[in-house]
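Novice: For reference, the structure I am asking about is given below.
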Amino acid sequence: MPRPVNTGLGRVLVFVYGLFAVAATCRAGVQIIMKFGEAPVSYLLSALAAVLYIVATVGLVRGDAGGRRLAQACFTVELIGVLAVGTLSVLQPQDFPDATVWSGFGEGYGYLPLVLPVLGLIWLRRPQQAATGAVTEDSTVR
Amino acid sequence: MPAVLSTATTVVALLLAAVALLAAALNRAPDRVQLIGTVIVSIAAVVLVGAAVASWIGGHSPRETTTFLGYALTMLLLPAGAWIVGKMEPTRFGSVIIGVAALIVPVLVLRIGQVFGA
């Protein structure tokens with residue numbers, strides 16, 4: 001049996017990711033509905049971040065092989081996103097008239113947007129199998 | 001919105017965070033002390049949001065209504081929600097969840113203050 005990813009530290013990740021999913025969705029929703037024209041790129045990036053947080057939360061909660069792959073993909077895109085947008089927002093602040101979740105490497109959110117995907121990737125990379133042979137069992141189940 | 005309410009909410013939330021994260025460090029699952037702390041923080045949150053809504057009815061409206069409502073709702077639900085999820089995880093990580101949520105409450109207090117333009 002693979003070790004569960006949605007208990008222990010995984011449950012903390014589920015909780016924090018769930019919270020970020022709600023917060024980012026609401027923030028992006030308000031920005032897009034109320035003032036989309038002011039900074040469309042920023043608000044679309046916020047919306048993208050929100051979708052990633054939602055999908056990552058769902059993947060972690062499911063915890064099966066597919067869910068883990070889903071979460072891993074989200075963490076990877078998220079890490080690339082926060083590094084790219086963080087760097088750009090420092091080098092070319094004029095491109096981002098309003099802050100996104102990822103601006104300044106997530107400084108508006110206590111740098112959690114930078115820390116979380118790293119933590120998530122480390123968590124998922126933990127040895128999954130308690131015994132040998134579980135790999136075959138796992139792949140036949142899917 | 002009286003400043004004393006913001007300060008009180010921040011202080012009890014930070015105390016709960018300290019208790020919960022200490023419990024996590026000592027490898028303890030959420031216990032009665034954290035439950036009492038969660039209840040106190042929840043009461044503080046209800047009083048704070050209640051005072052904000054009261055002053056809104058009194059004519060002092062928030063600068064961004066939607067944002068204020070979002071933060072207010074989050075602050076009312078967060079401590080109880082963290083307790084429920086924390087109890088689902090009867091290990092030190094349950095205490096981590098309650099501690100992390102308690103750390104977010106002061107941020108919400110700060111943001112509500114900004115949105116309200118106290």
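Novice: In nm, give the distance between the simple-model label positions of A:R125 and B:L73, each being 7 Å from the Cα along the Cα-to-Cβ direction.
Specialist: About 3.8 nm, to one decimal.
Novice: While we're looking at this one, here's another question. What does the structure give for A:15-25 when I average, per residue, the other chain Cβ atoms found within 10 Å of the residue Cβ?
Specialist: Values: counts 13, 5, 0, 2, 8, 0, 0, 4, 4, 0, 0.
Mean shielding count: 3.
Novice: Run the Debye formula on the Cα coordinates of the protein assembly as shown, all scatterers equal and no solvent, and tell me log10 I(q)/I(0) at q = 0.14 1/Å.
Specialist: -1.03
Novice: Among A:V51, A:G8, A:V90, whose Cα projects farthest towards the positive end of the dipole of chain A, with charges put on the beta-carbon of Lys, Arg (+1) and Asp, Glu (-1)?
Specialist: Comparing the listed Cα positions along the dipole, A:G8 ranks first.
Novice: Quick check: residue separation of B:A18 and B:A51 times 0.36 nm, minus the Cα distance between them. What number comes out in nm?
Specialist: Length difference between fully extended and current span is 9.2 nm.
Novice: Now for a different question. Each label point is 7 Å from the Cα along the Cα-to-Cβ direction; what then is the distance between the points at B:R63 and A:L91, in nm?
Specialist: 3.2
Novice: Given R₀ = 22 Å, what would the calculated FRET efficiency be for B:Q114 paired with B:A80, taking r from the Cβ atoms and rounding to 0.05?
Specialist: The pair B:Q114/B:A80 has a calculated efficiency of 0.35.
Novice: What's the angle, to the nearest 10 degrees (0 to 90), between helix A:9-35's Cα axis and the longest principal axis of chain A?
Specialist: It works out to around 30 degrees.
Novice: So, one more: Let me have the relative contact order for region B:1-73, percent, based on Cα pairs under 8 Å that are six or more residues apart.
Specialist: The normalised contact order for region B:1-73 reaches 39 percent.
Novice: How far is the Cα center of region A:55-74 from the Cα center of region B:8-55, in Å?
Specialist: 31
Novice: Identify, among A:L112, B:L26, B:G59, the residue whose Cα sits farthest towards the positive end of the charge dipole of the protein assembly as shown, taking +1 on the Cβ of Lys and Arg and -1 on the Cβ of Asp and Glu, with the dipole about the Cα centre.
Specialist: B:L26
Novice: Near B:S95, within a Cβ-to-Cβ distance under 14 Å, what is the net charge of the other residues, with Lys and Arg +1 and Asp and Glu -1?
Specialist: Here the count lands on +3.
Novice: Once R0 is set to 30 Å, what does the formula 1/(1 + (r/R0)^6) return for the Cβ-Cβ distance between A:A73 and A:T7, expressed as a FRET efficiency to the nearest 0.05?
Specialist: Calculated transfer efficiency: 0.90.
Novice: Hey, what's the Kirkwood Rh for chain B if you take every pair of different alpha carbons, in angstrom?
Specialist: Details: mean 1/r = 0.0701 Å⁻¹.
Radius from the Kirkwood sum: 14.3 Å.
Novice: Which angle between 0 and 90 degrees, to the nearest 10, do you get for helix A:112-125 versus the longest principal axis of chain A when only C-alpha atoms count?
Specialist: 20
Novice: Hey, got the dipole for chain A? About the Cα centre, +1 on K and R Cβ, -1 on D and E Cβ, debye to the nearest 20?
Specialist: 460
Novice: How many percent of the alpha carbon pairs in region B:1-67 exceed a separation of 16 Å?
Specialist: Percentage above 16 Å: 56.
Novice: While we're here: What net charge is computed for the residues neighbouring B:T67, neighbours being all others with C-beta under 9 Å from the C-beta of B:T67, Lys and Arg scored +1, Asp and Glu -1?
Specialist: Working: positive: A:R27, B:R63, B:R111; negative: B:E64.
So the surrounding residues net to +2.
Rule-based calculations on the coordinates, nothing more; no lab input. These figures come from a predicted structure and were not determined experimentally. Glycine also receives a Cβ, built like all others from the backbone with ideal geometry; neighbour counts cover every protein chain displayed.
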